[in-house]
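Asks: Just passing along the structure, written as structure tokens.
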């Protein structure tokens with residue numbers, strides 16, 4: 001059995017199930033706008049050109065790329081500890097990338113997205129402040145599989161994966177394992193659910 005503390009990094013699978021058509025691209029951009037995954041008109045126009053040049057890609061790959069590359073990290077609430085108020089239960093989001101394992105934050109803190117984040121050291125704190133959307137978990141730390149199934153469940157910092165250079169948390173180990181079977185589909189479905197559940 002593999003320990004939870006090992007590095008869980010997945011490479012993106014090659015996706016070429018069905019060639020994307022111009023209508024697919026249009027629907028993908030519409031879905032992205034509806035789920036707040038596009039950042040506005042200045043972003044959408046260049047994305048039409050980029051996505052149109054992709055050629056043989058599946059609609060799922062297009063949606064997932066838009067979701068992960070352009071999802072504003074503050075589009076939904078962040079999972080916080082009910083007692084302390086710390087984001088993702090006081091765990092250091094940078095440690096997953098720097099150390100390859102979850103680490104509880106210590107005396108280093110930063111406020112971002114309306115909550116306080118904790119860090120194991122000042123270097124991790126500085127890295128987060130320079131690029132918070134790189135290190136903050138997708139969906140604010142809510143479980144990607146639960147969201148894909150239509151409901152919100154807090155992610156547990158001990159059940160995680162780095163997928164396409166983004167941290168993804170899960171409510172249970174079973175959900176983490178299930179995610180590995182079809183990550184692109186789970187993320188695309190989770191993005192749609194997240195937009196409707198956490199609509200402001």
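Asks: Using only Cα atoms, what Kirkwood radius does segment 88-197 have, in angstroms? Before the final figure, lay out the partial values.
Replies: On the way: mean 1/r = 0.0718 Å⁻¹.
That comes to 13.9 Å for segment 88-197.
Asks: I'd like the FRET efficiency for residue 172 and residue 98, computed as 1/(1 + (r/R0)^6) with the beta carbon distance as r and R0 of 25 Å, rounded to 0.05. Let's see the in-between values first.
Replies: Working: r = 25 Å, r/R0 = 1.01.
Efficiency at R0 = 25 Å is approximately 0.50.
Asks: Using Cα-Cα distances under 8 Å and only pairs 6 or more residues apart, what relative contact order does segment 146-200 have, in percent? Don't jump to the answer; show the numbers that get you there.
Replies: Working: 60 pairs, mean separation 23.4, N = 55.
Relative contact order for segment 146-200 comes out at 43 percent.
Asks: What FRET efficiency do you get for residue 106 and residue 182 if R0 is 41 Å and r is their Cβ-Cβ distance, rounded to the nearest 0.05? Working shown, then result.
Replies: On the way: r = 37 Å, r/R0 = 0.90.
Using R0 = 41 Å, I get an efficiency of 0.65.
Asks: I've got another one for you. List 151, 108 from most exposed to least, where exposure is judged by having the fewest other Cβ atoms within 10 Å. Display every interim value, and only then the final one.
Replies: Values: 151 11, 108 17.
In order of increasing Cβ crowding within 10 Å: 151, 108.
Asks: Turning to a different aspect of this structure: For 92, 99, which order do you get if you count the other beta carbons within 10 Å of each Cβ and list the fewest first? Before the final figure, lay out each step's value.
Replies: Details: 92 26, 99 14.
With the fewest neighbours first, 92, 99 line up as 99, 92.
Asks: Do you know the relative contact order of segment 73-190, to the nearest whole percent, from alpha carbon pairs under 8 angstrom that are 6+ apart?
Replies: Here the relative contact order equals 22 percent.
Each reported figure results from applying straightforward, stated rules to the coordinates on display, with no laboratory input. Remember, predicted model here, so these are calculated numbers, not experimental data. Don't worry about glycine lacking a Cβ; one is built from the backbone with ideal geometry, like all the others, and counts go over all protein chains shown.
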